[in-house]
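The values are calculated or read from the model by the stated rules, or taken from the named source; none is laboratory data. Small disclaimer: the values here were computed from a predicted structure and weren't measured. Backbone-built Cβ (ideal geometry, glycine too); neighbour counts: all protein chains shown.
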Amino acid sequence: MRYLIFLTLSLFVTAGVAQANSPSSQQPVIDTHVHYNQEIWENIPPQTAVEELRKLGIRRAWVSSTPDEGTLKLYAVDPEFIVPVLRTYRYDDDRNTWFNDETLIDYLKQRLKQHRYAAIGEFHLALEDARTPVIRGVVALAKQHQLILHVHSDAQTVETLYQLNPDALILWAHAGFEKSDVVKRMLETYPKLWADLSERRDIIPNGQLANDWRQLLIEHADRFTLGVDTWARQIWMFVEIAIGWQRDVLASLPDEVATRIAAVNAETLLHQTSWDKTNK
């Protein structure tokens with residue numbers, strides 16, 4: 001699916017350039033879904049990566065990387081701009097096994113002692129793996145350290161995590177790729193759930209925000225964030241387009257709603273973590 005998204009992005013170069021000239025392109029954005037993995041830092045230096053994001057009107061970026069050193073490289077360049085997020089993947093292959101890796105909890109504990117983070121994630125998790133001892137340990141660590149869980153999962157899996165900790169702060173990556181009615185139900189059931197809109201081009205077909213999603217974003221204007229999800233080096237080549245279609249979403253909304261989704265909600269969520277408390 002990600003490769004299809006990449007191909008789709010390449011078809012919208014003209015739209016992305018046009019969007020750069022729209023009023024919504026001036027809206028400052030906090031991006032809650034950035035990756036700076038090894039294949040990226042080997043090709044794009046940290047200073048260049050930060051400069052590119054800033055040029056696009058991104059005011060702050062939440063970054064997780066495989067391995068974690070990528071995030072620390074960006075943070076060293078601009079600690080006011082980067083909000084570190086601790087990923088559960090030490091290597092690319094961990095993506096399919098991390099939830100059963102008994103060494104992971106000690107690794108996370110060590111990283112949390114050495115560095116400061118606002119969240120754990122983004123991690124991919126299926127329903128059948130959502131109750132392993134490792135997952136319980138990750139949820140417990142997030143609770144102990146007052147961290148957000150950045151979760152790439154469907155609705156049922158998120159519900160399972162809330163069974164493990166009803167007070168968990170969860171940022172739901174891609175709004176689970178779920179339909180608007182499912183997202184609405186989840187937000188109304190779990191008051192500490194937020195959703196990022198990264199990779200959700202499907203909600204704005206032909207450059208027009210779908211009516212059901214427009215209604216949902218207005219009704220729950222305080223629960224959504226934006227993200228470009230720079231999961232591969234190629235995405236950095238089209239990052240202007242990735243943020244461009246999200247600015248199309250903002251331009252389709254009332255100003256006060258657009259402002260909240262662009263940046264205010266991310267700030268509000270961050271205020272509930274230990275990151276915000278230790279940065280005052």
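The set of residues from the range 225-237 being among the aromatic types (Phe, Trp, Tyr) and part of a helix (DSSP H, G or I) comprises just one member, 236.
If the condition is being touching a strand residue (DSSP E or B) at 6+ places or on another chain (Cβ under 8 Å) and either assigned to a helix (DSSP H, G or I) or surrounded by 21 or more Cβ atoms within 10 Å (Cβ to Cβ) (or both), then the range 50-59 contributes 50, 53, 58. Just one of (1) touching a Leu at 6+ places or on another chain (Cβ under 7 Å); (2) in a helix (DSSP H, G or I); (3) modelled with pLDDT of 95 or more; (4) under 25 Å from residue 63 (Cα atoms) trips up residue 240, so point out which. The number of the failed condition is (3). For the range 36-49, taking the residues that are part of a loop (DSSP other than H, G, I, E, B) and among the polar types (S, T, N, Q), the one that is farthest from residue 152 (Cα to Cα) is identified as 43. For the range 99-137, residues that are within 20 Å of residue 163 (Cβ to Cβ) and either touching a Gly at 6+ places or on another chain (Cβ under 9 Å) or of a type outside the set (A, V, I, L, M) (or both) total 13.
Inside the range 179-189, residues that are surrounded by fewer than 20 Cβ atoms within 10 Å (Cβ to Cβ) and either assigned to a helix (DSSP H, G or I) or in contact with a strand residue (DSSP E or B) (Cβ under 9 Å, 6 or more places away or on another chain) (or both) make up a count of 7. Can you find a residue that is under 18 Å from residue 60 (Cα atoms) and part of a strand (DSSP E or B) anywhere in the range 197-217? Scanning the range 197-217, I find no residue that is under 18 Å from residue 60 (Cα atoms) and part of a strand (DSSP E or B), so the answer is no. A search for C-beta distances below 9 Å between a residue of the range 187-200 that is hydroxyl-bearing (Ser, Thr, Tyr) and any residue that is part of a loop (DSSP other than H, G, I, E, B) and surrounded by 22 or more Cβ atoms within 10 Å (Cβ to Cβ), counting only pairs 6+ apart in sequence or on different chains, returns 198/227; 198/228; 198/229. Tell me, which residue of the range 159-178 that is part of a loop (DSSP other than H, G, I, E, B), touching a helix residue (DSSP H, G or I) at 6+ places or on another chain (Cβ under 8 Å) and not aliphatic (A, V, I, L, M) is farthest from residue 248 (Cα to Cα)? Top of the filtered list is 165. Put simply, of 155, 119, 130, 142 the only residue that is small (Gly, Ala, Ser), closer than 25 Å to residue 65 by Cβ and touching a helix residue (DSSP H, G or I) at 6+ places or on another chain (Cβ under 7 Å) is 130. Within the range 230-263, being under 19 Å from residue 171 (Cα atoms) and free of Cβ contacts under 8 Å to residues at least 40 places away in the same chain holds for one residue alone: 260. Would you mention how many residues in the range 1-35 are surrounded by fewer than 20 Cβ atoms within 10 Å (Cβ to Cβ), modelled with pLDDT of 50 or more and part of a loop (DSSP other than H, G, I, E, B)? So the answer is 1.
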